[in-house]
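Written below as structure tokens is the structure these notes are about.
The values are calculated or read from the model by the stated rules, or taken from the named source; none is laboratory data. As the structure is a computational prediction, the values presented were derived from the model and not from experiment. Virtual Cβ from ideal backbone geometry, glycine too; neighbours counted across all protein chains shown. The area values use the complete protein model at the heavy-atom level, side chains included, leaving out ligands, DNA and RNA. Shrake-Rupley method; radii C 1.70, N 1.55, O 1.52, S 1.80 Å.
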Amino acid sequence: MKNIVILISGTGSNMAAIVRCAERDRWSAKYAARVACVISNKSNARGLLFAKEHGIATEVLDHTAFDTRDAFDAALAAIIDRYDTPDSPALVVLAGFMRILTPGFTAKYAGRLTNIHPSLLPAFPGLHTHQRAIEAGCKFAGVTVHLVTAELDHGPILAQAVVPVLVDDTPERLAERVLAQEHQIYPRAVAGLLQQMGH
Ligand code: GRF
């Protein structure tokens with residue numbers, strides 16, 4: 001059985017989309033995979049409630065309790081590694097997890113650590129992507145699912161979806177339409193990786 005560990009910081013709507021897809025498409029039978037744990041660096045992350053309601057283990061790891069990124073990432077890896085054994089390897093899915101990870105952490109889970117970023121990478125890494133796309137006069141915006149490397153919002157692209165930027169668009173309206181696409185492509189990209197990992 002492969003263990004999917006999802007990291008969130010807030011609403012967790014992408015996490016919820018993955019959980020729903022795993023249930024609906026029976027990932028346990030199809031890919032021998034389950035969403036094993038949802039970890040948040042914020043205790044008030046709304047997504048934690050959704051995970052609990054779906055019978056998924058939850059963990060909170062408050063980054064403000066750690067002096068260094070290395071110490072936080074080591075504690076994070078210790079939780080993940082409870083779900084990462086030779087028989088049950090972990091796939092680590094960042095879904096709105098608002099922490100920069102250290103190179104040691106990204107190397108440890110290389111090839112099975114994914115992120116979703118609300119722009120058409122390599123355009124607009126970082127924050128405020130929708131506002132920046134509108135200000136740049138882009139006619140199209142979108143979302144990218146990629147494997148995580150040491151460089152922020154870089155790494156091999158697994159999936160993208162394109163969303164037109166409308167006349168008089170606002171960052172909020174564009175974000176809403178992009179988010180709807182996120183919920184489509186992230187579960188599909190995760191399923192693709194599970195398939196590659198084999199049984
Ligand atoms: C999404 O827009 C995602 O692309 C970005 O943060 C947001 C998280 O939303 N990385 P949610 O917590 O999944 O609802």
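Every test in (1) closer than 25 Å to residue 2 by Cα; (2) open to solvent by 50 Å² or more (accessible area, probe 1.4 Å); (3) away from the ligand (no atom under 15 Å from the Cβ) is passed by residue 191 save one, and that test is (2).
The set of residues in the stretch 100-145 that are of a type in the set (S, T, N, Q) and either in contact with a Pro (Cβ under 6 Å, 6 or more places away or on another chain) or more than 11 Å from the ligand (Cβ to nearest atom) (or both) comprises 102, 106, 114, 129, 131. Residue 160 satisfies every condition listed in (1) farther than 19 Å from residue 19 by Cα; (2) buried (at least 19 other Cβ atoms within 10 Å of the Cβ) except (2).
Of the strands (runs of 3 or more DSSP E) lying entirely inside the stretch 75-186, those carrying at least 1 residues that are more than 17 Å from the chain's Cα centre (by Cα) are 140-147, 157-164.
Of note, residue 21 does not satisfy the criterion of being modelled with pLDDT of 95 or more, away from the ligand (no atom under 15 Å from the Cβ) and open to solvent by less than 20 Å² (accessible area, probe 1.4 Å). Just to be sure, is residue 46 within 11 Å of the ligand (Cβ to nearest atom) and of a type in the set (Lys, Arg)? So residue 46 fits the description; yes.
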